[in-house]
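Before any comments, here is the structure.
The values are calculated or read from the model by the stated rules, or taken from the named source; none is laboratory data. The shown structure was predicted, so the numbers you read here are calculated from the model rather than taken from an experiment. Counting neighbours? That spans all protein chains shown, and the Cβs are built from the backbone with ideal geometry, glycine included.
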Amino acid sequence: MTRFVVPGPVHTTSHADGSLTLLNLTTGQWHKLNRTGNELFSAICANGVDTAVGIFMSRYPQVPQREIREQAETCLSALVERGLLEPESPVRGSGGVPIALAPLGAVGLKPRLVAAVALPVALLLLRLPFRVTVRGFKFVKRRRARRVATRPEALQALAASKRVSRFHPGRVACLELSLTAALAVALRGGEVQWCLGVASDPQAFHAWIEADGEPVTDPFDEPIPATYQRVLAV
């Protein structure tokens, strides 16, 4: 379970009608959540997205679970992007699923060239505050992605990202690879989701990409265990 916390520069004020006002001193912007938004916000802060989804499922049993989860993840993504929430335990430097390198000669030249551009962009974004990382990735998707990417395209981008990562002297694990692959897909006009997830017992974090709502993993990698719960999809 990943909990999200309110960053220090964000001041919150509750109101009698159940709404919540947030002032982000870093940006100077005010934000307001209605009663339902405040309840979702509080549930995510207290116990994470899964618990928040469970609370709203019991409250609105007529609404499909998938719809509630999508709304919760959309809300969480917007809050993180605006700097109003951040992961309590950042996923940087943590991975849970072994990742193998694709064999030499398995990826075409053009995908590798695109990945070679995407990798330094991903590494730069991941050195910034997490909300800026999310905002930067969304910006690239808005500017470049024109269609939903196919699964073969996503697999090709992932394999190419692994190939170019061989030449980087620093650490490149699931977080760096998944963001590189997502950026590479976007630079070629496609769109995938960049996902962050967590598993408990033992606790581990992971990052991956999804196409058509399904995780994309290289044939050389172990599949993402079912115990991993998606926390954030961008």
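What to note about this one:
- Among the residues listed as V10, V49, V53, the single one being of a type in the set (V, I, T) and modelled with pLDDT under 85: V49
- Apart from one condition, K138 fits all of (1) closer than 30 Å to P7 by Cβ; (2) without any contact (Cβ under 8 Å) to a residue 60 or more places away in the chain; (3) surrounded by fewer than 17 Cβ atoms within 10 Å (Cβ to Cβ); the exception is (2).
- Residues satisfying the stated conditions in the range 14-41, i.e. farther than 12 Å from L84 by Cα and in a helix (DSSP H, G or I): R35, T36, G37, N38, E39, L40
- Whether a residue is at pLDDT 55 or above and in contact with a strand residue (DSSP E or B) (Cβ under 9 Å, 6 or more places away or on another chain) was assessed, and R82 passes this test.
- Considering the range 85-122, and only residues there that are touching a strand residue (DSSP E or B) at 6+ places or on another chain (Cβ under 8 Å) and over 15 Å from A181 (Cβ atoms), the residue that is modelled with the highest pLDDT turns out to be L85.
- Listed by first and then second residue, the pairs linking a residue in the range 61-84 that is over 26 Å from L23 (Cα atoms) and in contact (Cβ under 8 Å) with a residue 12 or more places away in the chain to a residue that is surrounded by 12 or more Cβ atoms within 10 Å (Cβ to Cβ) and not charged (D, E, K, R), with Cβ atoms under 6 Å apart and 6 or more places separating them unless they lie on different chains, are Q65/M57; I68/V53; I68/F56; I68/M57; R69/V53.
- Counting only helices (runs of 4 or more DSSP H) that sit completely within the range 108-203, those holding 3 or more residues that are touching a Pro at 6+ places or on another chain (Cβ under 8 Å) correspond to 151-165.
- Checking each residue in the range 56-93 for being in a helix (DSSP H, G or I) and surrounded by 18 or more Cβ atoms within 10 Å (Cβ to Cβ) picks out F56, I68, R69, A72, E73, C75, L76, L79, V80, E81.
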